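The values are calculated or read from the model by the stated rules, or taken from the named source; none is laboratory data. Model, not experiment: these values are computed from the prediction. Cβ atoms come from the backbone with ideal geometry, glycine included; neighbour counts cover every protein chain shown. To get the accessible areas, we keep the full protein, side chains included, count just its heavy atoms, and leave off ligands, DNA and RNA. Shrake-Rupley method; radii C 1.70, N 1.55, O 1.52, S 1.80 Å.
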Amino acid sequence: MPVKIGYPRSALLPFAPWAPEAGAAGLSSAQTVSAIALVIGAIVVLAVGLALHREQRRREIAEEALAASKIRQQALINTMVDAVIIIDDRGRIQNFNPAAEAMFGYAREEIIGRNIRLLMPEPHRSAHDGYLARHRETGARRVLGRRSEVEARRRDGSLFPVELAVTKMKIHGQCLFSGLLRDITERRKVERLKDEFIATVSHELRTPLTTIRGSLGLITGGAAGELPARSAALVQLAYSNSERLMQLIDDLLDAERLGSGQMEFQLAPLALMPLIEEAIANNAATAEKHAVQCHFTRHLDDVRVHGDPQRLRQVLGNLLSNACKFSPRGSTVEIGVTRREGRVRIDIRDQGPGIAEELRPRLFSRFGQGDTSDTRQTGGTGLGLYISKAIVERHGGEIGFIPEAETGTTFYLELPAMDSVTDGAHGRPPDKKKVQTQ
């Protein structure tokens, strides 16, 4: 007789709470709950394990992508022609590309982690940690976001000029500074040779030109007797052109002196308003020639600055002359003098056609002129604003311009005031957006 083998239903479905006979088969309620809890626990453990595995895999993928990105970034940095140095907010070098190795003579392995001061001459070598500390505390920007020319120090102690551009960045919450450096030794040599050539030619031209100009001046003044009308007109034309050529030579010499640091400044306390009034009077002939009037819109008495009167007169004369040349006939050049926060500001506003967009970035550079053709309507050497900017900066001031919405341009000149009088009724109006002069 065959034996029938089977299992009780309660054994097959021990975890089925809906089976009423389960309890009758011998499982208590406590055992059932315990079994269910074990199953739920196993499912939870399995789900957590899967989640952890996915998170681990996600992190691995992210780390692989980050590593690949770092490799690409480092490859890009390593292939750059210019030197790239990255430091942290304590000045410790974090990256040093092959171009930097060739420039400074240090291997990457020996300089990573060392302070950037190592590559600087005095006094910046001792002061650099202070620069970084002030930036951390106040956010003060010394070289950030602009190009500057500084001296650097090689491993052998020799100094050389570099063009430096520094930018700030944050990577994974860490503050870093990236410096892009270019050796400009050859550029400086070329500039020096050019300046020496210009100075030599200018000096050689100035002596005979002075004689020619003086002789023409005597003739136009009647020293040689009365000339026929046509001859007088030709002599006057020659005299005017000799004046322009003399101005060009003077500007070339000034530019050369400024470039070599040989221009002398006789700084002394001086009253500003008489200086401006004198510059306006000296510019009266130019204003009359172009049928333009100059007048004050704001006047500030009893303000003094520390400056060289001759050089400041040169700057004011250049700005006033430009304003008259570019203003339409019958218009007015407005001069306003105001004070704010320990600085005196001189605004000179013309009503001319404005400054072309493409000219603005190089307006204060050498030979920065909008119209360089032989038929341009206004004369000038293209050096006036370059020289003016250098003179103003030597006075601790600032020079720039504000394009007007429709026509005209306002050139401004700011200088530190000597006294501590607070702003009065002639306070400066709200600033408009300034155009960078760098």
Practice item. Sort out which residues of segment 45-73 are of a type in the set (A, V, I, L, M) and open to solvent by less than 80 Å² (accessible area, probe 1.4 Å), and write them in order of number. Key: A47, V48, A51, A62, A65, L66, A67, A68
Revision key, fill the gap. Sole miss for G225 among (1) open to solvent by less than 40 Å² (accessible area, probe 1.4 Å); (2) in contact (Cβ under 8 Å) with a residue 12 or more places away in the chain is condition (2)
Practice item. Among the residues of segment 297-320, count how many are surrounded by 22 or more Cβ atoms within 10 Å (Cβ to Cβ) and over 20 Å from R394 (Cα atoms). Key: 2
Check your understanding: Which of the residues spanning segment 247-269 are open to solvent by 40 Å² or more (accessible area, probe 1.4 Å) and in a helix (DSSP H, G or I)?
Key -> Q247, L248, D250, R257, G259, S260
Exercise for review: Take L76 and decide whether it is open to solvent by 80 Å² or more (accessible area, probe 1.4 Å) and either more than 30 Å from L181 (Cβ to Cβ) or not in a helix (DSSP H, G or I) (or both).
Suggested key: no
Point to revise | Every pair of residues 6+ apart whose Cβ atoms lie under 6 Å, when the first sits in segment 235-246 and is open to solvent by less than 50 Å² (accessible area, probe 1.4 Å) while the second is of a type in the set (S, T, N, Q) | key: V235/T220
Practice item. Filter segment 150-170 down to residues that are out of contact with any helix residue (DSSP H, G or I) (no Cβ under 9 Å at 6 or more places or on another chain) and open to solvent by less than 90 Å² (accessible area, probe 1.4 Å), then give me how many there are. Key: 8
